[in-house]
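The values are calculated or read from the model by the stated rules, or taken from the named source; none is laboratory data. For clarity, every value in this text was computed on a predicted model and none was experimentally measured. Counting neighbours? That spans all protein chains shown, and the Cβs are built from the backbone with ideal geometry, glycine included. Ligands, DNA and RNA are stripped out before the accessible areas are found, and what is left, the full protein with its side chains, is counted by its heavy atoms. Shrake-Rupley method; radii C 1.70, N 1.55, O 1.52, S 1.80 Å.
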Amino acid sequence: MERILVIGASGQIGAEMASGLRQKFGLENVICSDIRPAGSWSEEGPFELLDVMDRTALNSVVEKYNVTQVYLLAALLSAVAEEKPELAWKLNMEGLFNVLELARENKIQKIFWPSSIAVFGPTTPREQTAQRTITEPNTVYGIGKLAGERWCEYYHQKYGADVRGLRYPGIVGSKTMPGGGTTDYAVHIFHQAVKTRAYTCFLNEDTRLPMMYMPDAVRATLELMDAPADRISIRSSYNITSMSFTPGEIAREIKKHIPDFEVIYEPDRRQKIADSWP
Ligand code: NAD
């Protein structure tokens, strides 16, 4: 029987992933954890306050629940990472290391760790971006994701760790709020349209970025984790794609439902990050 630990379960993807996992594996078999408490939903099943950088605490949670799989969703996202480079590198690398070490020590059998489109950079071909192409990220977050991908591959090759990943695009969901990424506008814009009928967008109107609907991201992840190990040929992280759109396109769609909705475009430092992605 699988016992699954979700680290970062109070976050945008973690909360929805945990909910999908609990539907599939049962409440008691999915242990949610985060450094901050989650909403009341988390109390439906086991929840632990856990700092992924605390290896001793991580080990004891794994032992306590006989964890077999870890979904590592704790990270500092792209926009926040630019403001706190050292913390971002530390959390995004050390957290991953601690989980990879659990696999090396045979304490767990399987790991999910998401990478991102942020592994790409300004020199990457922008259309139909290939799995293996130029990866020269120029953001703190992207540099960490690329390094993380290499470590995942390394732990698989060297120690046989069953680690799997997807290069998520911007994830858009209705149930949880995003945590400081460059595609956050694509969630905020809907909330503001309903609440105030106005939104100030931090990206230019015509900034086209790859996105994915949350339920699709959860389904893709669970399917990847279900696949037999010998069918997984890429251990760093797979490209995955769904749709690409611009803030202007979303605004025009929303206006069809809320005609007096107004959007102002005031690009900030996040524009530069967005411009570097395919
Ligand atoms: P988020 O910021 O919403 O959630 C991250 C969670 O990690 C938060 O609840 C936070 O409290 C927790 N956390 C922070 N430090 C921690 C620590 N030391 N120990 C334990 N928990 C800690 O992020 P998200 O959007 O849910 O992203 C999840 C993963 O998916 C990340 O690896 C992120 O890089 C990746 N990703 C997300 C997107 C997206 O659009 N949301 C896109 C590409 C990749």
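Brief remarks on what is shown
- Largest GNM mean-square fluctuation across Gln128, Gln192, Gln12, computed for the chain with C-alpha springs under 10 Å, falls on Gln128.
- Compared with the alpha-carbon gap, the fully stretched path from Tyr159 to Asp260 is longer by 30.6 nm at 0.36 nm per residue.
- Ratio Rg/Rh [Cα only; Rh per Kirkwood] for segment 66-161: 1.00
- Taking every C-alpha pair closer than 8 Å and separated by at least 6 residues, the mean separation divided by the residue count of segment 48-156 gives a relative contact order of 28 percent.
- On segment 1-57, 50 percent of the accessible area sits on carbon and sulfur atoms, based on a 1.4 Å probe.
- Maximal additional length on extending the Leu27-Thr196 stretch stands at 57.1 nm, based on 0.36 nm per residue less the C-alpha distance.
- Seen from Glu249, the other residues with C-beta closer than 12 Å to its C-beta sum to a net charge of +1, counting Lys and Arg as +1 and Asp and Glu as -1.
- Relative contact order for the chain, counting Cα pairs under 8 Å that sit 6 or more residues apart, in percent: 19
- The angle between the Cα long axis of helix 214-226 and the main principal axis of the chain comes to about 30°, on a 0 to 90 degree scale.
- For the chain, the longest principal axis of the C-alpha atoms and the axis of helix 185-195 are separated by about 60°.
- Each residue of segment 173-181 was assigned a 3J(HN,Hα) from its phi angle through the Karplus curve 6.51 cos²θ - 1.76 cosθ + 1.60 (θ = phi - 60°); the sequence is x, 9, 8, 10, 9, x, x, x, x Hz, with glycine and proline shown as x.
- Furthest towards positive pole of dipole, Leu209, Ala130, Ala103, structure part the chain, Cβ charges: Ala130
- GNM flexibility winner over the chain from Arg197, Arg55, Arg22 (Cα, springs under 10 Å): Arg197
- Accessible surface, the chain, averaged per residue in Å² (probe 1.4 Å): 46
- By definition, a body whose alpha carbon gyration tensor gives a ≥ b ≥ c is prolate when a/c is 1.5 or more and a/b is larger than b/c, and segment 2-56 fits this prolate description.
- Three-way shape label, the chain, alpha-carbon gyration tensor, a/c 1.5: prolate
- Cα long-axis angle, helix 12-25 against the chain (0 to 90 degrees, to the nearest 10): 50
- Counting only residues at least eight positions apart within a chain, or on another chain, the lysines with an alpha carbon under 25 Å from that of Lys158 are Lys90, Lys107, Lys110, Lys145.
- Extended-chain gain in nm, criterion 0.36 nm per residue less alpha-carbon gap, Asp216 and Arg252: 10.6 nm
- Shape call, segment 124-231: gyration tensor on alpha carbons, a/c limit 1.5: prolate
- Between Ala130 and Ala147, the simple label model (points 7 Å from Cα in the Cβ direction) yields a spacing of 2.7 nm.
- On segment 132-278, 52 percent of the accessible area sits on carbon and sulfur atoms, based on a 1.4 Å probe.
- Ranked by how many other beta carbons lie within 10 Å on average, peptides 152-164, 232-244 from highest: 152-164, 232-244
- Summed residue charge, Cβ within 11 Å of Asp226's Cβ, Lys/Arg positive, Asp/Glu negative: +3
- R0 of 30 Å, Cβ-Cβ distance Ile234-Asp54: FRET efficiency to nearest 0.05: 0.50
- Other residues within the sphere of radius under 14 Å centred on the Cβ of Thr196, judged by their own Cβ, net out at 0 (K and R +1, D and E -1).
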